[in-house]
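Asks: Mind having a look at this structure? Questions to follow.
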Amino acid sequence: MAKSSAASDPLYYDVSPEYERYTKYFLMISAVVCLVSIICTIVQAQEEKIFYIIIISLAISLIFVICIYMFFKRRILLAEKLWFVNLTIFIFFLQALIYLIFVFIKPYPIPITTKSPLTPTIPTRTTRNSTRPHNSSNTTTTTTRSTSTKGKIDWNKKIILTKLYELDDI
């Protein structure tokens, strides 16, 4: 029986180094998209304070994906779970891309406020009488009771909603 040396033995891998390299490139591309999304969100968060939640979400997702990748590299996750690593990186990539698109949507959709058919119209009678009999007049006015005082519309401004509705004036 011939004695084999370590130099002549073929190398066996759990996962092909080519697939690991593709996974690493995919992780780097996803991390770059995430960092661009975080930078753009920081810039836009100066105007909209709610965007800070997006920054926190992306940072936590980045840490999670890096931990999953490190588990795979240290063989805590088995080699058969490369699909799981790629799936988490793909979901992370989609999350960063969707947040990036969401941050750049301007103007943000404004809800259409119209008079509800359920808003009651209450006629009121105002009588104006003066001391002279020939100057007496009765004036009837109609008032509308609004159930919400939250948002008032400035009727002089032009509000452009979206190209979907193609409205110029409200």
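Any read-out appearing in this document is the output of simple, stated calculations on the displayed coordinates, not a laboratory observation. The shown structure was predicted, so the numbers you read here are calculated from the model rather than taken from an experiment. All Cβ positions, even for glycine, are placed from backbone atoms using ideal geometry, and neighbour counts span all protein chains on display.
Asks: What value in Å³ per residue do you get for the convex hull of the alpha-carbon atoms in region 17-104?
Replies: 72 Å³
Asks: Find out how many positive minus negative residues lie around Asp14, taking Lys and Arg as positive, Asp and Glu as negative, among other residues whose Cβ is under 11 Å from that of Asp14.
Replies: Net of charged neighbours comes to 0.
Asks: Related question: Could you order peptides 45-51, 90-96 by the average number of other Cβ atoms within 10 Å of their residues, highest first?
Replies: Ranking, from highest mean packing down: 90-96, 45-51.
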